[in-house]
Each structure stands twice: as structure tokens, then as C-alpha cells.
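Undergrad: The following block contains the structure, expressed as C-alpha cells.
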Amino acid sequence: QMAGVCRWLSSKIEMCVLKGIHQKGLTFVMHDPTATVEAMSRNSSKTSNELDDLMKKILADPKLCADIIQHKKGCALVHESIMMLVRRPSPHIPLVLPLSLERLAQSLPWDVIGSDNHTAQQSQLALQIVYALKFLDCQPQSPFVINPRLVPLKESLAFMESCNKNGSNGIDSGFGLAALCIALKELISKHCPDTLHAIDSCTVGRETSDGLMVSPKHTVNPMIVSDAIRDCLSSCDGVDPSGLRAEKMFMICRSKHPSFEVDVAAVGAILSSLKSQPKFYSYMALCKDPLIILKSRAAAWKCRGLRSIILRILEDLMSANECIAVQSSASESVALEYLTARDTIIVRCIVFACASGFTFGGCKNGGTPCSKHCMLSVSMIRSIVSKRRGIIAALAKQDLPDNCIDWIVEFVPESLSDAPDISFLLSEKGMLTATQRLTAASAGLRIAVAHSPRGEAIANNLMLASTAVLLDSFALVVGPIGVPVSVLREENGQDVTNVCRKAMFDMLKTIATISPKNIYLKNEAIITLSKIASQCKSENAAGGISGVAASRRKALLKEIWETCLQANTALGGAMQL
């Protein structure tokens, strides 16, 4: 009956009478805030009033916050409070300020936050976050807005969803929590959507493969995680040489404490040296430049647990950085160009590290350490390449070592999606130097041959572009007639002939690996081998030179001829040489 009376009053009684109800206390408001919501929507005062004081009392009291979020009008109460504020003349000073919100988040006992004794405090934090985000949404240029990445959004959203799922016995409780959850998700999706994708869960309290046990009952905070990482890096013969214990502590701490605080502590420890204190980077600095974490030393990458921590943090920072770049760039194309360059650097660094393998521990029989490939790194690379087109094409022209190209061909089948970009690079002669074109053609040919079943049409086009460059570069491979072959050099002093020669033999070996069942690639390979053989005959038949240069030239032509013959034999001997 009281709820019906409040709803009737909200539409019938004048503003002065509504004010009189609020002056009697919080009883009516906490039972049903409908009248207060209506009063706020009608309020046209140019200064703060008793309605602001009423909302301030609610936000400052954890128990009142716990009650108000249960009501279906709780979300409307926050919204109308903000709208009442912004209708006034400037300055618009919100009831929740950034520093007070950060202090509230820091004051929560995150180690025991899951207990019922702290539900009211979590409710207060969640309601204040909703208020602060709504103010940010209405007044984005205000100096009093919060930085949403510096408050525990994921933790507050998880708390509200958990309460909504478990249910409560309050009046209209399901509707209130559901409305606040939807509002919070919408605000997060608008201002930092990467947070929604970063909500994670971890299983704790299990024994690791090294026999190390970290129980959820243990107190784990960001400082302890930092110390565990530094202990792991200080000596490979310590209590946690693989870093798995540090990783487990990192995951436990992340499930209890705000993830951004744990990430900042972990990055500082990973980037520290043996003789220096942990470095400090703010979370916003890491979000604006995720490449900072790639400054970690090789010892961190060789520890399985620390490597997992690095990749986990890097993935979240990349998502946050992408949102920041899209929101702050002048156009979508500018943001895309930046993100492609950023991801190219990340992929190059991880591929370079992975190509030599990672040390996972001792082998059986006390042998040398086993070298395996980190499948977590492989998964990240494949995800980046499939999402961002043009990365493999950019890497193909950067003279990557052969082991890096081999690693990409073996573990990243999504590299074939960049075939059109690689073909375009090879067709435009002015974009690359002669050695870069042939090196890129060699990489493109290997990708086309290895992954042609994933897309025969684009693989065939890539092979045509690659073999065309190979044929055009024949003169550079054999060198100029009658002079030492080392006469051709680039600006950096690199021997053009040697580079092109190596690339040609690599491509001929790749051609030899084409399956005879792949008719189209096989036919194109036969045509290419035939043309190279003809060029060898023409060059060998040319006279007029003698001496050491001529003998070197003939030996090279003979080697090319024999390599073509071996490739032809591997393809079934269909070509008559």
C-alpha cells in the first residue's frame, strides 16, 4: 500500500509537498524512491538543494546503497540525480569525485571481499561507479570526470551480476539489479569496451606441474606477486625456476584485487633488473603504450609462468590501447594504420623469440633442456594475424631470418590471408629494393605452397607473383658479366648478388616441396623451372669472357641447373631439361 501511495503522490502532489516528504527522512525514499525520482525530474533549481543532500547521504552510506540497488527505481534515481545536476548552470560538480572513488576502491579489503560482511561496501562502490560513469557520459569534458580504467569496473560488474543471479528478498530486487547491470554494461561498452572482453575467471588451489601449491586461503596482494616475480628472475635455481608459482599467485591475486593494480605491480617486477627496484608505470601509461612490456629481458620469456603473465597482460593492454586509439584518432584509417604498425612490432618480437624455442626445463635422462614452442604465443600470433590484415606482408619485406619465416609458415596458417597484399608488394617495383622484392617473394612462395589448401585461388595468385619476381631477378643472381660478383652492393653495404642467390635457391627448394597432386601449382612450378633452365643455357652459351669471373659464373649456372633438375625430379620429372 505504501508503494501505491508514493506512486500516486509523485504525480499528484506539488513540488513543495514532495520536498516536505524528503525532509522527514529516508524512510519513504528507501521504501520506494519513485517519488524522489519524480521530484528530481521536475526540479529546476539553479543551486544544490535537499534532493542533492538526500542523494549524497545515500551514496555515503554502504547500507543504504545496498538497499537502493535492490529497487527497480535505483538506476532511475542515479540517472535523474545526474540530469538534475547538468540542468544547472556551470560548474557541474558531481557528488562522486575521482579521488574519493579511488580511495573507496583502495579501502576495500580485497583479500576477503567475497564474504557477506563486505556486501554493503561493494554495493556502495558499484553504485558510485554507476553514478560516476553516467556523469562522464553526460559531461565528458568536465574536469571532475573519472578515468574508467583506474576503477575496478570488472570487479563491480561481476559483483552485481553475481547478486542479480543469486537473487535477493528485497522489494523489486531482481528488476533493480538487472537494470543497474544493464546500465553499467552499456556505460562500460561505450567508454572502455575492452573491459567487457577482459572479464575472466581462474581456477585456484590446484597443484602445479612442479608440485607447487598456492591455496586461495593464502593472503595474496599485488606486492606479494611482485616479490614472487622478482624471486623467480633472481635465480634459475630458486624455489620457482619455471615461474609457475608466480603465475598461480598472479591469477589468484587478479581474482581478488582490481586487475589493473595487479598488472601494474607485475609489469614493474618483470621490467626490473637484478640491481634495481621494480619500475613503476601507471596503468594508463601501459594502456597508451603496450610495447613497454616487450622491454622485459630474455630471462622472463624463458620462464613458462612469467611468459604466460606477460602475454596475459599484453593481451589486455592491446585491447585497451585499441579502444583508446579509435576514440582519440582523427579518423578510422589513422587508427587502423597505427594499430597495424603496433601489431607488426608485437608479432615480430614474439616470432623472433619463438623461432629459437623456449626452455621449459630439463629433459629426460638428464640431457640438455628441451626446446619446445609456446602454444600460448602461437595462439596470440594467430589471433593478431587473423584480425589485422597486412602484418605478414609488412614482415615479409623486413628481411626476417629464415627461422622466423619457417616458424610463421609452420604455425600461422592465417598468413595466407595476406596473400593479396604480398602480391601487390611484389607487383609494384618501386616500393621495394631488388633484394627486398626477392626476399618477400621467397616468403610469399613458401606461404602459398604450405597453405594452398586453405585458399587455392589466392595461393595460385601469390605463387604467380612470386615466381615472376624470381625470373626477373635472374640477372642479379648470376651477377654482371666479366666483373667480380660482389660489385653490386646496397647502401648498407650488403652484397646484392649473395642475397638474391640465397633467395633463389630457397625458392627452388620450396618448389620441390609442391605436392604432385596440386595440379595448378605443379604446372606453374614446371613452367618456372623451364624458364630458369633456358636462362641458364643462354647465359652459359654466352662467350667473350674468361678467367676467374667466368669460372665462378659457370659454376653458379651449373649449381642452379642441378637444383632445377632436383626440383623437377621431385615434381615427377614432367619437364625435359
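Undergrad: Is it the case, given these coordinates, that S90 is surrounded by fewer than 19 Cβ atoms within 10 Å (Cβ to Cβ), not in a helix (DSSP H, G or I) and not aromatic (F, W, Y)?
TA: When the stated conditions are applied, S90 passes them.
Undergrad: Looking at the stretch 399-406, is at least one residue within 14 Å of the chain's Cα centre (by Cα) and either at pLDDT 90 or above or of a type in the set (A, V, I, L, M, F, W, C) (or both)?
TA: no
Undergrad: Output the residues belonging to the stretch 410-441 that are crowded, with 24+ Cβ neighbours inside 10 Å and touching a residue at least 60 places away in the same chain (Cβ under 8 Å).
TA: The answer is L438, T439, A441.
Undergrad: Filter the stretch 223-270 down to residues that are touching a residue at least 60 places away in the same chain (Cβ under 8 Å) and small (G, A, S) and give me whichever is nearest to P152 (Cα to Cα).
TA: Across the stretch 223-270, the extreme among qualifying residues is S259.
Undergrad: Right, something else. Could you check, for the stretch 120-134, whether at least one of its residues is in a loop (DSSP other than H, G, I, E, B) and among the polar types (S, T, N, Q)?
TA: no
Undergrad: Related question: Would you tally the residues in the stretch 525-577 being open to solvent by 20 Å² or more (accessible area, probe 1.4 Å), of a type in the set (G, A, S) and at pLDDT below 75?
TA: Of the residues in the stretch 525-577, 9 are open to solvent by 20 Å² or more (accessible area, probe 1.4 Å), of a type in the set (G, A, S) and at pLDDT below 75.
Undergrad: Going by the structure shown, is S415 assigned to a helix (DSSP H, G or I), under 22 Å from the mean Cα position of the chain (by Cα), among the hydroxyl-bearing types (S, T, Y) and closer than 15 Å to A459 by Cα?
TA: yes
Undergrad: Output the residues belonging to the stretch 126-159 that are crowded, with 23+ Cβ neighbours inside 10 Å and over 17 Å from H191 (Cβ atoms).
TA: L127
Undergrad: Another question about this same structure. Cβ-Cβ distance below 8 Å, separation of 6 or more or different chains: which pairs start in the stretch 64-80 with a residue that is without any contact (Cβ under 8 Å) to a residue 40 or more places away in the chain and open to solvent by 20 Å² or more (accessible area, probe 1.4 Å) and end on one that is outside any helix (DSSP H, G or I) and of a type in the set (A, V, I, L, M)?
TA: As it stands, the answer is L64/L26, since those pairs meet every condition given.
Undergrad: Still on this structure, I have one more. Exactly one of these conditions fails for L101: (1) open to solvent by 20 Å² or more (accessible area, probe 1.4 Å); (2) part of a helix (DSSP H, G or I). Give me its number.
TA: Only one criterion in (1) open to solvent by 20 Å² or more (accessible area, probe 1.4 Å); (2) part of a helix (DSSP H, G or I) is unmet by L101, namely (1).
Undergrad: Name the residue that is modelled with the highest pLDDT, counting only residues in the stretch 479-524 that are among the aliphatic types (A, V, I, L, M) and more than 28 Å from R454 (Cβ to Cβ).
TA: The extreme case among them is V499.
Undergrad: Do you know which residues across the stretch 326-339 are among the hydroxyl-bearing types (S, T, Y) and surrounded by 15 or more Cβ atoms within 10 Å (Cβ to Cβ)?
TA: S329, Y338
Undergrad: Moving on. Inside the stretch 274-325, can you point out the residues that are farther than 25 Å from P152 by Cβ and open to solvent by 50 Å² or more (accessible area, probe 1.4 Å)?
TA: Listed by number, the residues that qualify are L274, K275, Q277, K295, R297, A298, K302, R304.
Undergrad: Okay, next question. In the stretch 426-465, what count of residues is obtained for those that are assigned to a loop (DSSP other than H, G, I, E, B) and of a type in the set (S, T, Y)?
TA: 1
Undergrad: Another one. Among the residues of the stretch 197-208, are any modelled with pLDDT of 90 or more, closer than 24 Å to I129 by Cβ and either polar (S, T, N, Q) or in a helix (DSSP H, G or I) (or both)?
TA: The answer is no, given that none of the residues of the stretch 197-208 is modelled with pLDDT of 90 or more, closer than 24 Å to I129 by Cβ and either polar (S, T, N, Q) or in a helix (DSSP H, G or I) (or both).
Undergrad: All but one of (1) modelled with pLDDT under 90; (2) under 24 Å from E414 (Cα atoms); (3) assigned to a helix (DSSP H, G or I) hold for A475; which doesn't?
TA: (2)
Undergrad: Identify the residue in the stretch 319-335 that is in contact with a Leu (Cβ under 9 Å, 6 or more places away or on another chain) and touching a residue at least 60 places away in the same chain (Cβ under 8 Å) and, among all such residues, is farthest from I346 (Cα to Cα).
TA: Here the answer is A320.
Undergrad: Just to be sure I understand the filter: pairs with C-beta atoms under 8 Å, separated by 6 or more residues or on different chains, first member in the stretch 517-543 and over 15 Å from C564 (Cα atoms), second member modelled with pLDDT of 85 or more and of a type in the set (D, E). Which pairs pass?
TA: Here the result reads Y520/E456, each pair linking the stretch 517-543 to a residue that is modelled with pLDDT of 85 or more and of a type in the set (D, E).
The values are calculated or read from the model by the stated rules, or taken from the named source; none is laboratory data. This is a predicted model, so every value here is computed, not measured. Quick reminder, even Gly has a Cβ in these numbers, built from the backbone with ideal geometry, and neighbours come from all protein chains shown. Accessible surface is based on the protein model in full, side chains and every heavy atom, while ligands, DNA and RNA are left aside. Shrake-Rupley method; radii C 1.70, N 1.55, O 1.52, S 1.80 Å.
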